[in-house]
Amino acid sequence: MNRLLSIPRKTVKVVLLFLVLFVSSLIGEEKPDTLFSGAPVRLSNWQIAKDLSPQEPFTALPDSAWHRLDPHRNLTNLSEGNWLLRTSLFIADTANNNILGLFPQYLVTAYEIYWDGIKIASNGTVATDSEQEKAGGFGFSRALPPAYSGYGIHTIVLRISNHQNYSPWKWYHGSLVVGNYETVLLKLTRRGYQAFFISGVLFIAFLFNLFLFFNRRGRIEHFLLSLICFFLISDFLVTQAPMFFEFTTNYAHFEYYFYNALTVLLAVLFPAFFIKIFSFSKSLIGASVFVNLFVYFTLTDITNTFQIMALSVLIQSTLLAILAVIKKHREGIAISAGLLFAWAAYFFDFAFPGLATIIVVGTSFSTARQFAIKEVAEKEALLKSARLENELLKKNINPHFVLNTLTSVLAWMRRDVSSAMLLIEALAEEFRTINVVSSQKLIPLSEEINLCRAHLRIMSFRKGADYKMETYGSEEGEVVPPMIFHTLVENGLTHGYENKSTGTFTLGWERTAGGIKYLLHNDGDFNSAEQKGSSGFGSKYIRSRLEESFAGRWNFVSHRIEKGWESVIEIRDI
């Protein structure tokens, strides 16, 4: 007996309380939530009862009036009206200076809070109709007087009136958190600082990609990534707005629609961005949009929208990254590594903005790296073009060409002075044009055509032949790298007209859905042994010029056809 008396009274209370909880569990009663050392607890195990006298002072109801509130059932019948919610909380210790606080979250309604039958807080005006009811403050919280937070089991009752419904989000989707008042406030403040820090990082990524979009010939992937950053920043601003402005609990209705729209937009934009950055078929974007909309409308509800849509984004993005790695896209591995961190964030239940932020930051670094690589490649292409330009000038004004042309001039002077003058004028026009355009990056298509025709006139005089160029299509506004068609014409003459005194070059172009297509055809006589429509040097020059002006957006093929030779140059808009 003396040993029992020597046991501390607090220990005896704890033992007895756990015995009570154990017995309660055996007979099927709900266990109360436990609060230890002020660590925040989200209250659960709610029971509900109809508030039959909302205008009267609150009085305890018999246990038979209460029913378990099952969050997995269809609760639409509880949407509008006056209700009472009840639950229990076990405070396992009463540490010194442990001021507890109550933090209602997303209770879109007016309500009163009762602690052990005593009214301790009121947010808004509880009423029986929408005209008299006034919604409370969105960021409402209340510190609990120390006298009420003693050791043991406490009963919490919420008296709720809800007569204003503006969205599918209802009062029963909200919650009540109890914990150390200062600790919870500090966590909320830190969360706000983190949100603004991440917003700052995203704002830099937003400006960076917007700058790239306007300065890299409208590359759509930069625009998509800037949109993603903008929407994520908007998410943080909407979340943190109640820290700076007063909102009623109805603000949750606005957040509901905003977050659902934002989730769908991000779910569509992320796969579209990866499809563009990996240069996959545009048809995949439409397929991705269809999949995301199907998932949203058939598989999500108010409780799982983030989890389902985030999973949809991760699966699609991962499949695209794997396909990029298989196709040996140089950014496939880097983006796949970022997606691994995103998967980790998903499994640790990181919020959708945090999950998306990881992808955005990782992709921004990858994009910056890709941009730097392309800048180096463009500079190398520029230097290569400069070297080829010098070689081309040498080729067109080499002594052999000049000597043969001057010999032709002398021959024509003896036979026909006027024809000799025309040959000299054509030669001067070609040299003058080459001198002007060779150093330019792009020239009007009309100048390129004039240069080709000048060369054909010279060669017609030299060989006593009749060479001409025909065109179809509007020249207005079209620009091309200098001397690419001139090179094709020159090589066509060399390889296809050794035994022909007449020849026609036909140059046509047309706008397609994704850019412009040029087609140059000649009717030269190419035998089976002749498999090149241009020399090795000519092809190198053309490819170098195209890469310099339209990096990664061009295609050039040249091949023999039934009656001559055909060269096709395609340039994509983006």
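The values are calculated or read from the model by the stated rules, or taken from the named source; none is laboratory data. Please read all numbers here as calculations on a predicted model, not as lab measurements. As a convention, Cβ positions derive from the backbone with ideal geometry for all residues, glycine included, and neighbour counts pool all protein chains shown.
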Filtered residues of region 543-574 (kept if of a type in the set (S, T, N, Q) and modelled with pLDDT of 85 or more): N555, S558, S567
Unique residue being modelled with pLDDT of 85 or more, in the same structural domain as A121 (by TED's automatic domain parsing), hydroxyl-bearing (S, T, Y) and over 21 Å from Y151 (Cβ atoms) when the list is T59, T76: T59
Some residue of region 175-190 being surrounded by fewer than 20 Cβ atoms within 10 Å (Cβ to Cβ), within 30 Å of the chain's Cα centre (by Cα) and either of a type in the set (D, E, K, R) or at pLDDT 90 or above (or both): yes
From the options I302, I275, I322, I335, residue that is more than 24 Å from W169 (Cα to Cα), aliphatic (A, V, I, L, M) and touching a residue at least 60 places away in the same chain (Cβ under 8 Å): I335
Search result, residues across region 139-176 that are in contact (Cβ under 8 Å) with a residue 60 or more places away in the chain and assigned to a helix (DSSP H, G or I): W171, Y172, H173
From the options T263, T303, residue that is assigned by TED's automatic domain parsing to the domain that holds S336, assigned to a loop (DSSP other than H, G, I, E, B) and either within 27 Å of Q240 (Cα to Cα) or touching a strand residue (DSSP E or B) at 6+ places or on another chain (Cβ under 8 Å) (or both): T303
So F245, is it more than 14 Å from the chain's Cα centre (by Cα), in a loop (DSSP other than H, G, I, E, B) and surrounded by fewer than 18 Cβ atoms within 10 Å (Cβ to Cβ): yes
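Would you check if T305 is modelled with pLDDT under 90 and on the phi < 0 side of the Ramachandran plot? Steps first, answer last, please.
Working: modelled with pLDDT under 90: yes; on the phi < 0 side of the Ramachandran plot: yes.
Against the criterion (modelled with pLDDT under 90 and on the phi < 0 side of the Ramachandran plot), T305 qualifies.
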R73, sole failed condition from (1) assigned to a loop (DSSP other than H, G, I, E, B); (2) under 27 Å from E255 (Cβ atoms); (3) in contact with a helix residue (DSSP H, G or I) (Cβ under 9 Å, 6 or more places away or on another chain): (3)
Which numbered condition F223 fails, given (1) of a type outside the set (S, T, N, Q); (2) touching a residue at least 24 places away in the same chain (Cβ under 8 Å); (3) over 17 Å from H253 (Cα atoms): (2)
G200, sole failed condition from (1) without any contact (Cβ under 8 Å) to a residue 40 or more places away in the chain; (2) closer than 30 Å to I322 by Cβ: (2)
Residue list for region 125-169, restricted to those being under 24 Å from N82 (Cβ atoms), aromatic (F, W, Y) and surrounded by fewer than 17 Cβ atoms within 10 Å (Cβ to Cβ): Y166
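Only one residue in F236, F206, F230 is under 24 Å from the mean Cα position of the chain (by Cα), assigned to a helix (DSSP H, G or I) and either more than 26 Å from Y296 (Cα to Cα) or acidic (D, E) (or both), so which one is that?
It is F206.
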Selection status of S312, farther than 13 Å from P271 by Cβ and among the small types (G, A, S): no
Test set (1) small (G, A, S); (2) closer than 27 Å to G136 by Cα; (3) surrounded by fewer than 18 Cβ atoms within 10 Å (Cβ to Cβ) - S283 fails condition number: (2)
Filtered residue count, region 191-209, keeping only those that are at pLDDT below 85 and more than 30 Å from S141 (Cβ to Cβ): 4
Residue within region 520-542 that is modelled with pLDDT of 85 or more, surrounded by fewer than 18 Cβ atoms within 10 Å (Cβ to Cβ), within 42 Å of the chain's Cα centre (by Cα) and charged (D, E, K, R) present: no
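Before we move on, is V157 in contact with a strand residue (DSSP E or B) (Cβ under 6 Å, 6 or more places away or on another chain), over 17 Å from T239 (Cα atoms) and not assigned by TED's automatic domain parsing to the domain that holds D70?
Details: in contact with a strand residue (DSSP E or B) (Cβ under 6 Å, 6 or more places away or on another chain): yes; over 17 Å from T239 (Cα atoms): yes; not assigned by TED's automatic domain parsing to the domain that holds D70: no.
The answer is no for V157.
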Considering residues of region 495-517 that are within 22 Å of R457 (Cβ to Cβ) and in a strand (DSSP E or B) only, the residue farthest from the chain's Cα centre (by Cα): T502
